[in-house]
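Working notes for the structure below.
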Amino acid sequence: MVDDDVDLVEMCRAVLEHRGHEVASAYSAAEARRALEAGLPDIVILDVMMESETAGFELAREIHRNHPNLPAIMLSGIHAATGVPYRFEPDEDWLPIATFFDKPVPPARLADEIEAILGS
Amino acid sequence: MDTLKVLVVDDEPGMRRGVARALDSYRFALPDLNGEVAFGVETAETGEEAIGMIAQAPPDILLLDHKLPEMSGLDVLEHVSSLPGAGASMLTIMITAYASLETAVSAIKRGAYDFLAKPFTPEELKSTVRKAAQSLILARQARKLAQEKRQVRFQFISVLAHELKAPLTAIEGYLHIVRDRAAGDDQATYDHMLERSLIRAEYMRKMIADLLDLTRIESGTKRRELCAVDLCETARWAIDITAVEAGKRRIRIELHAGAPVVMEADRGEMEIIFNNLVSNAVKYNRDGGRVDVTVRAEGDGAVITVADTGIGMTEEEADRLFAEFVRIRNEKTRNILGSGLGLSIVKKLALLYGGDVTVTSAPGVGSKFTVELARAPQGEPTQPQEPRLRRLEAARPDAPGGKEQ
């Protein structure tokens, strides 16, 4: 899970661990890159606005390029924070992720989505 | 040079030519504007023709004859007054053959800015047009200023809303999990979540308190009670209230001051300065670090320094530190909460006291903040006024008391 919001990571971790998953955390895209070099998870959950406004977008493309079979779910407040007039949606070239969620996402809903993606 | 477009609507060819001749070469300087105002004149014979021209490209000033064939001047006036945004973009001067009060009043009531009674001399024409031009330019400047102010305010409110939403989102998230027992049976997990919720709520409260301080200082509505304040005593007070937090992390705070440093100031404002600097020095320190506070007199004022042995920051980070809602976000500050307003409040206060706040810092070594206070703010805080807006009111002929000023 890659997000600079300590509390969001905490609450997702608690719920996901309770549902039997293991959670490793990174609080920036840079930290996530180091963690991914050390070993691959089954799925990546990532934020967008971290050390830069678009750090998560860049990370998502990088992950897709280097590990095409590693799915990613994006959680972001970018629609509300920037008021962009269109929606970011998963897109093979531009935004290669499985799902885009607007924050806040109930951790249980996130867990459902993770299980749906990994189960399929 | 600003060239204002004047449209003259009159069925007498002599009148149209006369006005054009008088205004074409006329220029005047506006005191607030760097440069001159000139006029470009266009003419129309009838009301219908004028309305067509206005629809194509509205003039800045409309010189409108009252007595036109077919459509009257008042009908044209009524039409242009109903156009969206007409008032601020175009001013109408009614030309009337009967210098009767009734005609003038009905024209002004329908949105005319002024009137000119026939026959008039070129000087009377210039003087009336000049008054309208000044009013128009000042109104445009005032509108531009108001727009800029609205923009700044809008940005501030957007950021504020975002900053207030963040802790609420965290608190709500935790409470949902606790309510639904979504994280298993271990009570310790829930205790931790409740603890985090309380911490986020506390910082939200602090942010609101800071915001109120900032608003009071900026609006000038805060009543300032000036008295002789010993800044060493205020420093000790700030150190005392930070002692528990510092003790938990084995951070030593030392005050280096000799004799009392007394200056005329508002005690509450001095407390805000010391409290922000000392609590930051602890918050951004390393465990086992130290904080050194110095206070010394200088002239009628004082110089305060607060140095820490904390995480420090880069030059680029230090540059934007005193702006509102700026919080340095990196791996080292991830777990440190704050309102993002404290230092911008310190800066505003330092400026009010004729001084400033500066910082020197090195990443991993520490930061040193220096606050210089020259003297107590002069006079009672007053509401910032818009001199141009007031002058505009005075320039309008229908403004109450406008003519006397």
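Filtering segment B:19-47 to residues that are in contact with an Asp or Glu (Cβ under 9 Å, 6 or more places away or on another chain), in contact (Cβ under 8 Å) with a residue 40 or more places away in the chain and open to solvent by 20 Å² or more (accessible area, probe 1.4 Å) leaves only B:33.
In segment A:64-73, the condition of being out of contact with any Cys (no Cβ under 7 Å at 6 or more places or on another chain), modelled with pLDDT of 95 or more, of a type outside the set (Gly, Ala, Ser) and closer than 28 Å to residue B:159 by Cα is met by at least one residue.
Can you tell me which of (1) farther than 18 Å from residue A:111 by Cβ; (2) of a type outside the set (Lys, Arg); (3) without any contact (Cβ under 8 Å) to a residue 60 or more places away in the chain; (4) touching a helix residue (DSSP H, G or I) at 6+ places or on another chain (Cβ under 8 Å) is the one residue B:152 doesn't meet? Result: residue B:152 fails condition (4) only.
For every residue, the table says whether it meets (1) in contact with a strand residue (DSSP E or B) (Cβ under 6 Å, 6 or more places away or on another chain); (2) modelled with pLDDT of 90 or more; (3) open to solvent by 10 Å² or more (accessible area, probe 1.4 Å).
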{"site": "B:232", "(1), (2), (3)": "yes, yes, no"}
{"site": "B:239", "(1), (2), (3)": "yes, yes, yes"}
{"site": "B:247", "(1), (2), (3)": "no, yes, yes"}
{"site": "B:257", "(1), (2), (3)": "yes, no, yes"}
{"site": "B:271", "(1), (2), (3)": "no, yes, yes"}
{"site": "B:281", "(1), (2), (3)": "yes, yes, no"}
{"site": "B:301", "(1), (2), (3)": "yes, yes, no"}
{"site": "B:310", "(1), (2), (3)": "yes, yes, no"}
{"site": "B:318", "(1), (2), (3)": "yes, no, yes"}
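Across segment B:154-173, a minimum of one residue is classified as loosely packed, with under 13 Cβ neighbours inside 10 Å, away from every other protein chain (no Cβ under 11 Å) and among the polar types (S, T, N, Q). Among the residues of segment B:174-211, those identified as open to solvent by 90 Å² or more (accessible area, probe 1.4 Å) and either touching a helix residue (DSSP H, G or I) at 6+ places or on another chain (Cβ under 6 Å) or closer than 17 Å to residue B:341 by Cβ (or both) are B:202, B:205. Of all the numbered requirements in (1) within 13 Å of another protein chain (Cβ to nearest Cβ); (2) assigned to a helix (DSSP H, G or I), residue B:147 misses one, and that requirement is (1). Set side by side, the residues B:139, B:104, B:112 differ, and just one is surrounded by 14 or more Cβ atoms within 10 Å (Cβ to Cβ) and not in a helix (DSSP H, G or I), which is B:112.
Residues that are open to solvent by less than 40 Å² (accessible area, probe 1.4 Å) and more than 14 Å from chain A (Cβ to nearest Cβ) within segment B:320-348 comprise B:321, B:322, B:326, B:339, B:340, B:341, B:342, B:343, B:344, B:345, B:346, listed in sequence order. Being of a type in the set (Gly, Ala, Ser), within 42 Å of the chain's Cα centre (by Cα) and open to solvent by 20 Å² or more (accessible area, probe 1.4 Å) is the requirement here; does residue B:72 meet it? No; evaluated as a whole, the condition is false for this residue.
Based on this model, can you work out whether residue A:79 counts as of a type outside the set (Phe, Trp, Tyr), over 13 Å from residue A:45 (Cβ atoms) and within 14 Å of another protein chain (Cβ to nearest Cβ)? Yes: the conditions hold for residue A:79.
Pairs needed: first member in segment B:209-233, among the basic types (Lys, Arg); second member anywhere, modelled with pLDDT of 80 or more and not in a helix (DSSP H, G or I); C-beta distance under 8 Å; at least 6 residues apart or different chains. So the pair list comes out as B:224/B:266; B:224/B:377.
Scanning segment A:99-108 for residues that are in contact with a Gly (Cβ under 8 Å, 6 or more places away or on another chain) and outside any helix (DSSP H, G or I) yields a total of 4.
The values are calculated or read from the model by the stated rules, or taken from the named source; none is laboratory data. Nothing here was measured: the structure is a model prediction, and the numbers come from that model. Every residue, glycine as well, gets a Cβ built from its backbone with ideal geometry; the counts of neighbours run over all protein chains shown. When the accessible area is computed, the model is the full protein with side chains, heavy atoms only, and any ligands, DNA or RNA have been set aside. Shrake-Rupley method; radii C 1.70, N 1.55, O 1.52, S 1.80 Å.
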